[in-house]
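The values are calculated or read from the model by the stated rules, or taken from the named source; none is laboratory data. Just so it is clear, the structure is predicted and the values come from calculations on it, not from any experiment. Because the Cβ atoms are built from the backbone with ideal geometry, glycine has one as well, and the counts that use them run over all protein chains shown. In case anyone asks, the SASA skips ligands and DNA or RNA and just uses the protein heavy atoms, side chains included. Shrake-Rupley method; radii C 1.70, N 1.55, O 1.52, S 1.80 Å.
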Amino acid sequence: MGENNNMYPLYMERLIRLTHIEPFDHESYKELLSEICHTYRIAKGVTEFYQTPLMEQLGKGVSYCDFDDGTGTNILLRIRIVSPSKAIILGTVYTSYENDDYTNEEIVQIETMFRVILGFVSRRRLITLFDNYGFHDIDGYRNFRAFARFLDISNTENKLGGMIAFHIDLHNFTMVNQEIGRENGDIVIKRYYEAVEKAIGDSGIIIRLGGDKFVGVFERSVKRNVYNIFSGYLVQYDDVKERKIWVTAAAGIYMLPNPFMMKTYGDIMDKIMLAANTAKRQTSGSIVVYDDKMKKAKEHIKKIQTDFRDALKNEEFHVYYQPKVNMETKKLKGAEALCRWIKDNTIIPPNDFIPVLEINTDICDLDFYMLDHVCKDIRRWLDEGKEVVRVSVNFSRKHLIDVDMLPKIIDTIDRNNVPHEYIEIELTETTTDVLFSDLKRVVCGLQEQGVWTAVDDFGVGYSSLNLIRDIPWNVLKIDKSFVPKNIEDEESISNKMFKHVISLAHDIGLECVIEGVETLDQLAVLRKNNCNIVQGYFFDKPLPLQEFEQRLVQQVYDINY
Ligand code: C2E
Ligand code: MG
Ligand code: MG
């Protein structure tokens, strides 16, 4: 048996074919292997792997049956390879009893062949191990490297165009962990991930960035199913007690154009992150698709943040003063300092830059700059013998966590030698308990020092009565949106609320200032409710320094109403 002149080239050719299955494909490997085994009448080939010789002694390893037609019992060959790191690879070839008449040459060929297979298989195993460690994080989730590899491969194959990339952030997960415990929280995250993974199927990939944040990409054909899970998915985290929780995500989506060529991962990552940031600000389960406006908004933010320091140094910020007027006497009562950024002869209004400066703590430097300039103006007016009115300065709630806020305010006023009663600090209400107690501490401190305090924008957002009950303010600044539009309809809720809030405020000794008053009709409502102090375009817009100084000189308005 085995007398075959073609055996030598055939055997070489198979060896070459075997080592050239690249990328590795299990089917072709098995097909080739069974062809080889049949030619050599091999019934079974088993490979065993042990990490150390001790593990081998203990029989603790992994074994694979690479080929098995079920009849093999007779060991033809056993090969033991010890790797430089002392890992052990053991290979055994079985034949059936009937066919054991091999020539020496055949045995040599089988042995050579089998050594190659062992080397080949262990290399595959190494790659799988590498795959597991390199492309998964410690919790077994696919990691960013897996995403990068997927993108690279799809990009070279020109398959990314038209796909949908996403970044998701599970909603309120800190709270979920608190409610059901961290271990259950981990199960929820895993099962949610698996649900998305299943919905995506072979059409893409999902990986974990860390915590409860995931990114991925999928084909449009599965969009509906995937979006459904993003919007809300019921996850069972306790199979015994059948406990479930509803999980929603904030999803940022980027619809990749078609065709699409990725140059860097940033081409996709930047966009899904930007969209996700917007999604996070919306209600739960929101899916926000990226558009170029988001990029512009981000550039706007970046530009303001970079320009801010120089602008402050170059004194590009100017104080505008908006008068507050007693509408009965028509006399100037006070003013609010409002910031204007004058850059290249154009005036940038605060709404364009203050929210940006509030992203970090830049706003705090601006507020102190404003306070300092106001103090300098007041000092000068006093020295010039002008009849000075109290000026209010806006302070962002970003200051509240700064324990030095209070001494810094007092220091700024004192440094400029200004009597404390000329300064009023406007603060807006806050919604968290922690900040509420900081707010209280700051307002009480200012009170003790004789500096006035005002609640700004009362009636907008979530004004609470605790705010005026628990904190000793001097002034309540009521937003124009709180002023009733239809004065005739006395029974309307807005008329009643306005009336009672004003009388309550007066009752507890608060001065009320109504902001944004533009019309005679509004004045009539105010008069009816005994609100005398008014700030608004009806009297004046915020004025540049010189114009305001004229008002200071003039003191009384010459308007008939
Ligand atoms: P705010 O403190 O509530 O200031 C009142 C705003 O209402 C001002 O807008 C003022 O120009 C506007 N206003 C006054 N009367 C009328 C009116 O009759 N009709 C209308 N439509 N609007 C009127 P401005 O100056 O654009 O400031 C907007 C906001 O920016 C301020 O609201 C304040 O929250 C913030 N801000 C301004 N300057 C500073 C600052 O130096 N520091 C801080 N932290 N915030 C500031
Ligand atoms: Mg204000
Ligand atoms: Mg206001």
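On a per residue basis, the convex hull of the C-alpha atoms belonging to the range 211-303 measures out at 129 Å³. For the range 279-344, the normalised intensity computed at q = 0.13 Å⁻¹ comes to -0.69 (log10 of I(q)/I(0), Debye sum over alpha carbons, equal scatterers, no solvent). Here the range 319-474 is assigned +1 on the Cβ of each Lys and Arg and -1 on the Cβ of each Asp and Glu. Its dipole about the Cα centre then comes out at about 460 debye. Dividing the mean sequence gap of close Cα pairs (under 8 Å, 6+ apart) by how many residues the chain holds gives a relative contact order of 9 percent.
Surface composition of the chain: carbon and sulfur atoms hold 51% of the protein heavy-atom accessible area at a 1.4 Å probe.
In the full protein context, the chain carries 53 Å² of accessible surface per residue, based on a 1.4 Å probe and ignoring ligands, DNA and RNA.
Pairs of alpha carbons in the range 520-561 separated by more than 17 Å make up 39% of all such pairs.
Going by accessible surface with a 1.4 Å probe and the largest first, Ser63, Ser96, Ser464 read Ser63, Ser464, Ser96. With coordinates expressed along the principal axes, the C-alpha atoms belonging to the chain extend over 124, 54, 47 Å, beginning with the largest.
Normalised size of the range 231-388, defined as Cα radius of gyration per 2.2 N^0.38 Å with N residues, equals 1.64. Ordering 245-252, 329-336 by mean Cβ neighbour count within 10 Å, with the highest value first, yields 245-252, 329-336.
Would you kindly calculate the mean projected area, averaged across all directions, of the convex hull enclosing the Cα atoms of the range 353-509, in square nanometres? Mind showing how you got there, number by number?
Details: hull surface 43.2 nm².
The number I arrive at for the range 353-509 is 10.8 nm².
Its alpha carbons give the range 35-179 an Rg and a Dmax of 22.7, 73 Å. Descending by average beta-carbon neighbour count within 10 Å, the peptides 259-266, 421-428 line up as 421-428, 259-266, the highest first.
Here the peptides 185-197, 44-56 are ranked by packing, the mean other Cβ count within 10 Å, and the order with the highest first is 185-197, 44-56.
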